[in-house]
C-alpha cells in the first residue's frame, strides 16, 4: 500500500448508506490511515456542508476531518468565482450549503426580479429533493430561456438510501436541458476538473491514485478517463445491469470498500 500516492473515496454508497457505516468500512479506512496513504473523500453530496459531513462521519467512527472532504458545492463555488465572477445566482437545492459557497452571490426567490439586480445571471442546480418542485424547476427554465447560464453540481440519476433508490438531480436536469435547448456546466463528478482538484489538494498525480466509487459512470469510468485507477464497489447504487451496460470496464471490482486494503496489498495491483 505504501506505493499508492492517493486514494479518492466516494462517501454515499461506499462508506455509508443514509450516513450509517457499511460493514467493515471504518476498519478499512483505519488500515489505510495506518499505512500512511493520503486520502480524500470526494462526494457529490449537496445536502450538507463539509463541516457537517465531517462531524457525522467522525460520530460514526471514521478517522476523517473537514480538510479530507471535497464536495460538489465547494468545487461549484470555485467554478462560479472563476467563470462567472460577480454573477447573481439562483440556487435550487435540498439542504443548506451556503457556508460552502463562499464568494458566490445568491438571490432568494423574492429577489429574482428585484429592480436593483434584475433576473439571475446563473441558475445553479444542487441535489434533488423537496426543493425540486414544479414551480422551482419552471422558474429555472424561464431564467435559462432568458439567457441565464445553467450550472449543475452533478448528473447523478439516483442514489441509495435506507429505503431504496431515490431520484437525483440528473433525472430532472436532462428534461431541463432538452426543454431549454442548452447544456449545463457540470462541476462535480464526473467532471475531470473535480478529480484534478482532489489530486492537487493531496499533492498526488493521477497515475499513482485510485478512485473508489459505487457509480460506474460518474465515479469509476470518469476517474479512469482522468488517468486514475478506477475501483468499483458492489454496494450503494451498484446494479449488475448498469455494470453490464456501462461504456467501459473498471480496473477493479470489489464487493465492498472493506475489501480495498486487501486489493492494495495484492501483488501486481
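The values are calculated or read from the model by the stated rules, or taken from the named source; none is laboratory data. Because the structure is a prediction, the values reported are computed rather than measured. Don't worry about glycine lacking a Cβ; one is built from the backbone with ideal geometry, like all the others, and counts go over all protein chains shown.
Scanning the stretch 209-238 for residues that are surrounded by fewer than 23 Cβ atoms within 10 Å (Cβ to Cβ) and more than 29 Å from residue 164 (Cα to Cα) yields 225, 226, 227. Regarding residue 167, is this residue crowded, with 20+ Cβ neighbours inside 10 Å and either touching a helix residue (DSSP H, G or I) at 6+ places or on another chain (Cβ under 9 Å) or under 21 Å from residue 92 (Cα atoms) (or both)? When the stated conditions are applied, residue 167 does not pass them.
The single condition from (1) within 22 Å of residue 219 (Cα to Cα); (2) touching a residue at least 12 places away in the same chain (Cβ under 8 Å); (3) out of contact with any helix residue (DSSP H, G or I) (no Cβ under 6 Å at 6 or more places or on another chain) that residue 81 fails is (1).
Conditions (1) touching a strand residue (DSSP E or B) at 6+ places or on another chain (Cβ under 9 Å); (2) farther than 22 Å from residue 260 by Cα; (3) modelled with pLDDT of 95 or more, marked per residue:
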{"site": "22", "(1), (2), (3)": "yes, no, yes"}
{"site": "29", "(1), (2), (3)": "yes, no, yes"}
{"site": "39", "(1), (2), (3)": "yes, no, yes"}
{"site": "44", "(1), (2), (3)": "yes, no, no"}
{"site": "68", "(1), (2), (3)": "yes, no, yes"}
{"site": "78", "(1), (2), (3)": "no, yes, no"}
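Looking at (1) at pLDDT below 95; (2) assigned to a helix (DSSP H, G or I), can you tell me which one residue 56 breaks? If we test residue 56 against (1) at pLDDT below 95; (2) assigned to a helix (DSSP H, G or I), just (1) comes out false. Filtering the stretch 1-34 down to residues that are free of Cβ contacts under 8 Å to residues at least 60 places away in the same chain and assigned to a loop (DSSP other than H, G, I, E, B), which residue is surrounded by the most Cβ atoms within 10 Å (Cβ to Cβ)? The qualifying residue surrounded by the most Cβ atoms within 10 Å (Cβ to Cβ) is 11. When the stretch 182-208 is filtered for residues that are closer than 21 Å to residue 246 by Cβ and either surrounded by 16 or more Cβ atoms within 10 Å (Cβ to Cβ) or in contact (Cβ under 8 Å) with a residue 60 or more places away in the chain (or both), the ones remaining, listed by number, are 186, 188, 189, 190, 191, 194, 195, 206. Entry remark, the stretch 100-119: residues being part of a loop (DSSP other than H, G, I, E, B) and either under 30 Å from residue 67 (Cα atoms) or modelled with pLDDT of 95 or more (or both) number 6 in total. In the stretch 44-78, the qualifying residues are those that are closer than 17 Å to residue 195 by Cβ and in contact with a helix residue (DSSP H, G or I) (Cβ under 7 Å, 6 or more places away or on another chain), and the one that is surrounded by the fewest Cβ atoms within 10 Å (Cβ to Cβ) is 74. Residues in the stretch 120-162 that are in contact (Cβ under 8 Å) with a residue 40 or more places away in the chain, closer than 19 Å to residue 101 by Cβ and assigned to a strand (DSSP E or B): 122, 124, 125, 149, 151.
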